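Here's a structure for you.
Please treat every number below as a calculation from the coordinates, not as lab data. Not measured: the values here are computed from a predicted model. With ideal geometry, Cβ positions are generated from the backbone for all residues, glycine too; neighbour counts draw on all protein chains shown.
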Amino acid sequence: MAQLTGETLRRYKLRVNFVGVDAYDAEENVTPYRKLIYLAYATQHVGDVRRGIETMFEKLYPEDGGRSVVRLRDSHMCDVSDDFLVSEVFDDSPEVFAAMDGLRTQ
């Protein structure tokens, strides 16, 4: 049986901001379409978190239809690979930008 460590059990409270895929510059103060909190484990891959955020969005906002989260970005609006671990990317800031199809930046 695998032994669980403190890092394995550590959870991140991510503040997710939904933006259009063309929103890139955090300095422009992009207004998010929606916001939510998502809890992720340190050892989860960003791709799993992205899919989990998409599922949560669908449950919380069924009136918005089946929009897909194309990619996640860090607090500096840099695209994040699905292969990274949550602890590698979101240690400095829990702010996440979820780039969605069909949203326009405001």
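Obtain the nm distance between the two label points defined at residue 10 and residue 79 by a simple spin-label model: each point lies 7 Å from its Cα along the Cα-to-C-beta direction.
2.8
Sequence gap at least 6, Cα distance under 8 Å: using those rules, report the relative contact order of the stretch 16-66 to the nearest whole percent.
On the way: 24 pairs, mean separation 14.4, N = 51.
Reported relative contact order: 28 percent.
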